[in-house]
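Laboratory data are not the source of any read-out in this text; all were calculated from the coordinates shown. Note that this is a predicted model, so its numbers are computed, not measured. Here Cβ is always computed from backbone atoms with ideal geometry, including for glycine, and neighbour counts include all displayed protein chains.
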Amino acid sequence: PDLLANLKLDYVGHVPASGEFRRLMGDHILTENDIRQQRRFPDAVAINQGHFCLHYPGDQYDFRLGDWKWVPAESFEIPFRCLFSRNISNLMMAGKHISVTHVAGSCTKTMLNGGQHGIAVGTAASLCKRYRTTPRGLYERYMSELQELIAAESVRTDPAK
């Protein structure tokens, strides 16, 4: 028998507002190199933009008093495989919790970028229900339909168009 099978987690310590978070793992883990090299993805469902914003501890626990590194990043693609879990069949994620490395997450975590993930995940959830499939099943069989719906919604709601 597994000696740890009946243990429960009582507490997880964290420092609020430190810029850190718990990331989920998807079929793809977006990296800093993916962003810097403008890697293209056949399953792209969102375009993100912004800066790498890394926080390093200062002398105080207040993250605003620490050392910040703010590095511009060109617009980059988010693949659908970063928005669903690799091991929980019906779990999708958006915002801070997508499948990224630490440095890539410093660029994807903003509200505008998270909103783009939310559009993709909401649209994907609708298609998963329609086709009675998982997010991975959607990726494998209905990717072009998902991308077309997201693109159509982006054009419909863009005030510049």
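Of the helices (runs of 4 or more DSSP H) lying entirely inside the stretch 77-161, those containing at least 1 residues that are surrounded by fewer than 12 Cβ atoms within 10 Å (Cβ to Cβ) span 111-131, 135-141, 143-157. Please specify each residue of the stretch 40-52 satisfying the condition of being assigned to a strand (DSSP E or B) and either of a type in the set (Gly, Ala, Ser) or surrounded by fewer than 17 Cβ atoms within 10 Å (Cβ to Cβ) (or both). Across the stretch 40-52, the qualifying residues are Ala44, Ala46, Ile47, Gln49, Gly50, His51.
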